[in-house]
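Read-outs: derived from the displayed coordinates by stated rules, not from any lab. Small disclaimer: the values here were computed from a predicted structure and weren't measured. Don't worry about glycine lacking a Cβ; one is built from the backbone with ideal geometry, like all the others, and counts go over all protein chains shown.
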Amino acid sequence: MEEIIDQFTLTKNDLETIVDKIVAELDDGLKGKTSSLKMLPTYAPIPTGNGAGTYMGIDVGGTNLRVLLLDLPEAGVRGELKSVECVMPKTSTTRAEFFGFIAKKIKEFVDDNGLTHKQISAGLTFSFAVEQIAINKGIQVGWSKGWDIKESIGQDIVQIFHEELLAKGVNNVKIVAFINDTVGTFANLAYDDPSCGMGLIFGTGTNGCYIEKTSNFAPEKLKSECKEEYMVVNTEWGGLNFKELKYNKFDDMIDEVSVNKGLHRYEKLISGIYMGWLARLCIRELIKKKVIFPNHLNAEAFSDTPDDTNFDDVKKFSSRHTEVIEDTTLELKRIEAILIKLGITDSTLKEREVLKKVTEAVVKRAGYLSAAATAALCRKMRPYLSDRFTAGIDGTVFEKSVPFKRYYLEGLNLLQPVDKVTCQLSKDGSGLGAVIIAAAVACKQ
């Protein structure tokens, strides 16, 4: 067991080295040099509270689709919010299936809310890698979170949406702002808190954006004119890839069978869709060595197959079960109850202790690595922003995993005085942020 835990252990020196490396990757990406970070300009205006009206938000995530309608009656004030949410079907393997499903749900929302004859400006949040050409135009450059639909690569996502909406008979919804979920998370908090300097996602996948000086971009990275002194940059930090991240054999096992082998290595270390899978692989190793659960090598609870994108499979030990780390009962009864639900009815206290320690090692590393990336953004912004600023954070892992959040904040404290950055949940930020950016854009048109 100790050998496995050692493979997930990061010292303060390890973390400081990783921060240095991430900062270098950020700089190289901005300058157009070789980097594992795309550093994509977003052209998104910083929210100011202007743009009274009613706006739609379309939030396409790795797991769920949400459609929102928010009334902004006056500057800085939020009014009535209507929304609907559904799971994105993993059976969608073509462009027509994926985007057609979304258009169908938007039509249902428009019809159900009596919006058929009203012109609506909408903001679109798309949680996948896109090269932003303008605020309302973006070329998809990649997929993540278990999706891989090659037909849309190289295509303008906004145009695809408008085509699919028209095909469903929706001609009154115009997408005026196209952002990704991190920018939405940033915008949602920045609307209320001007000190917000970054938007972070820790959920099914992971990403970060932050405020950068426009003059720091290499000219060739800007596809259209930007007159603003500062711009939000989408790092696509899930793609971070360098040896200092200290990949272990379990990381390599996941990468080897993933749909995007060799890509998004950082995301595979920390995000919700992978944490439970990593823990299961470690547990299977111990089962094979007859350290724990010797009679359960073939148990579905410890399957070596990937999680579903909602990482909530009731038959597997998944990322939602990281709560086992919080079990402080004398006999680890909470862990025993979880195992019984997963079909493991004969666990011993020693086995439960091992399970807890292994899971803790996986989650602690994820929290520490997430803190390292956050600290790198803080260091990057410090020369030109206030010494103290807020990070808007969204995602089910940050919101619901108590141990992840604890280790994330612990990692931040190791790397810098924790009072210099305030971490605040930007709840439903990706969808609400799309609405707010749409309002900011519409009021300038």
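Shape index of the range 234-278: Rg/Rh, with Rg the Cα radius of gyration and Rh the Kirkwood radius from the inverse mean 1/r over Cα pairs, equals 0.93.
The candidate values are [x] 4, 13, 13, 12, 12, 12, 11, 8, 5, 4, 3, 2, 1, 0; [y] 4, 18, 29, 28, 17, 5, 0; [z] 4, 22, 30, 25, 14, 5, 0; the one derived from this structure for P(r) over Cα pairs in 10 Å bins from 0, in percent carries the label [z]. Taking Cα centre as origin and charging only the Cβ of basic (Lys, Arg, +1) and acidic (Asp, Glu, -1) residues, the dipole magnitude of the range 120-202 rounds to 120 debye. How tilted is helix 402-415 with respect to the longest principal axis of the chain? Cα atoms for both, answer in degrees (0 to 90, nearest 10). Result, in degrees: 80.
Once you keep just the Cα pairs under 8 angstrom separated by 6 or more residues, what percentage relative contact order results for the chain? Intermediate results must be reported in sequence, preceding the final value.
Working: 908 pairs, mean separation 103.6, N = 445.
Computed over the chain, the figure is 23 percent.
Residue-wise HN-Hα couplings along the range 140-148, as the Karplus relation 6.51 cos²θ - 1.76 cosθ + 1.60 with θ = phi - 60° gives them from phi, are 5, 10, x, 10, 7, 6, x, 9, 7 Hz; Gly and Pro carry x.
Over all directions, average the projected area of the Cα convex hull of the range 288-425 and note it in nm².
9.7
Top mean-square fluctuation among Leu269, Leu166, Leu281, Gaussian network model of the chain, C-alpha springs under 10 Å? The residue with the greatest mean-square fluctuation here is Leu166. For the range 227-326, the equivalent ellipsoid derived from the Cα gyration tensor has semi-axes of 31, 16, 12 Å, listed largest first.
Looking at the chain, send over the antiparallel percent of its DSSP beta bridges, to the nearest 5. Around 60 percent antiparallel, to the nearest 5.
The 3J(HN,Hα) values that the Karplus relation (6.51, -1.76, 1.60; θ = phi - 60°) gives for the range 271-281 are, in residue order, 8, x, 6, 10, 4, x, 4, 4, 4, 4, 4 Hz. Gly and Pro appear as x.
Taking amide hydrogens as placed 1.01 Å from N in the peptide plane, the amide H of Tyr210 sits under 5 Å from those of Gly199, Val233, Thr235, each at least 5 positions away in sequence or on another chain.
Computed from backbone phi with θ = phi - 60° and the Karplus coefficients 6.51, -1.76 and 1.60, the 3J(HN,Hα) list for the range 211-220 is 7, 10, 5, 4, 5, 7, 6, 4, x, 6 Hz; x is used for glycine and proline. Axis of helix 429-442 versus longest Cα principal axis of the chain: the two differ by about 20°, to the nearest ten degrees.
Per residue of the chain, what 222 nm ellipticity follows from adding -39500 (n - 2.57) for every DSSP H run with n ≥ 4, rounded to the nearest 500?
Working: 13 runs with 169 residues, N = 445.
It comes out at -12000 deg cm²/dmol, rounded to the nearest 500.
Along the chain, the exposed loop sites are GluC sites (Glu not before Pro) outside DSSP states H, G, I, E and B with at most 16 other Cβ atoms within 10 Å, and the longest stretch free of them is 81-224.
Kirkwood Rh over alpha-carbon pairs of the range 62-147, then Stokes-Einstein at 25 °C and 0.890 mPa s: what D in µm² s⁻¹, rounded to an integer?
Details: Rh = 15.0 Å.
The diffusion coefficient I find is 163 µm²/s.
Helix 181-190 and the longest principal axis of the C-alpha atoms of the chain enclose an angle of approximately 70°. When the chain is treated as a GNM with alpha-carbon contacts under 10 Å, the residue of Pro403, Pro219, Pro45 showing the greatest mean-square fluctuation is Pro219. Around the amide H of Thr204, modelled in the peptide plane, lie the amide H atoms of Gly272, Thr396, Val397, all under 5 Å away and 5 or more residues distant in sequence or on another chain.
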